[in-house]
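Notes follow once the structure below has been shown.
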Amino acid sequence: MNKFLPVIITVVVLLGVGFGGFFAYKQFSKPPVEVSEEEADETAKDLGVEDKPYTALTPGASCEYTLSLDNISKSPESIEYEIIYKNEEGVTQGASGTIKPAGAVDATKKLLFGTESSGHRRCDKGVSGGTITLRYRNDEGKLEAKMETPFSIAENEPELTLKDKLTVELSGKVIGKTVAMGTFGLPRLAVKAGLPGKVTEGPYGVFTNAKSSLSGTVRITGSGTLHTWDGSAWDKVTGKTSDLEALILSE
């Protein structure tokens, strides 16, 4: 029996190595996880700047905000919105919901960066920015387009920056909250008036709850000439401007 013991041990070891190699192979040779058609569509769909909704996140009192959309085109059955941000403790928070345009070209939604229950409100503190995502869906619930943009928030501050792309230096003392963000698209009147050229960067917008109107110097990183929309026409900007709600570089 003793003379066969080394042989038995050798066979057991070889079998163990063999099975171990087999299971290791099974573990590391798994086919890649397939991306669903929905997920693939979400990364593939896009619209031109003229067809995207002009989107604004305007601060109100306390931690209230208004999400407004203008120039809604392509007749989506529904628009899903998702706003993600972090509070001062670094905890991810957000707001989401669905807008039913019902053929309208504009829509608004009241939001709260915080919670409210039985008349008691708890605002999320220290929110300095985040992302806004919109999804267009048709009457079958299928995704038609997806858009995402960052936003930044400053309170009682004369300067705003957005992802090293947009810098706004406001004139005078600023009292209130100011939001800088990508707006996806442009106001429908600005689209109807015709763009001053090919948009090379933007559009961006600045929105505030300050009681006094804002003006300042705008810098957008990229190539092209800075233009702003004054409500009736596009203006070429070389210095300060008080038209901050639709900003583009074009050439």
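Every residue in segment 201-224 that is under 20 Å from residue 176 (Cα atoms) and of a type in the set (Val, Ile, Thr), please.
Selection gives 206, 208, 217, 218.
Which of the following residues is closer than 24 Å to residue 109 by Cα, basic (Lys, Arg) and assigned to a loop (DSSP other than H, G, I, E, B): 125, 173?
That would be 125, the only listed residue that is closer than 24 Å to residue 109 by Cα, basic (Lys, Arg) and assigned to a loop (DSSP other than H, G, I, E, B).
Within segment 69-86, restricting attention to residues that are under 15 Å from the mean Cα position of the chain (by Cα) and over 12 Å from residue 134 (Cβ atoms), which residue is surrounded by the most Cβ atoms within 10 Å (Cβ to Cβ)?
Going through the qualifying residues, I end up with 85.
The rows are residues; the columns are (1) modelled with pLDDT of 95 or more; (2) surrounded by fewer than 12 Cβ atoms within 10 Å (Cβ to Cβ); (3) out of contact with any Lys or Arg (no Cβ under 6 Å at 6 or more places or on another chain).
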position: 190; (1), (2), (3): yes, no, yes
position: 195; (1), (2), (3): yes, no, yes
position: 200; (1), (2), (3): yes, no, yes
position: 211; (1), (2), (3): no, yes, yes
position: 218; (1), (2), (3): yes, no, yes
position: 222; (1), (2), (3): yes, no, yes
position: 232; (1), (2), (3): yes, yes, yes
position: 239; (1), (2), (3): no, yes, yes
position: 243; (1), (2), (3): yes, no, yes
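Scan segment 45-68 residue by residue and report those that are within 16 Å of the chain's Cα centre (by Cα) and assigned to a strand (DSSP E or B).
Of everything in segment 45-68, those that are within 16 Å of the chain's Cα centre (by Cα) and assigned to a strand (DSSP E or B) turn out to be 54, 55, 56, 57, 58, 65, 66, 67, 68.
Residues 171, 215, 152: which one is in contact with a Ser or Thr (Cβ under 6 Å, 6 or more places away or on another chain) and without any contact (Cβ under 8 Å) to a residue 60 or more places away in the chain?
Residue meeting the stated conditions: 215.
The values are calculated or read from the model by the stated rules, or taken from the named source; none is laboratory data. All values reported here derive from a predicted model rather than from experimental measurement. With ideal geometry, Cβ positions are generated from the backbone for all residues, glycine too; neighbour counts draw on all protein chains shown.
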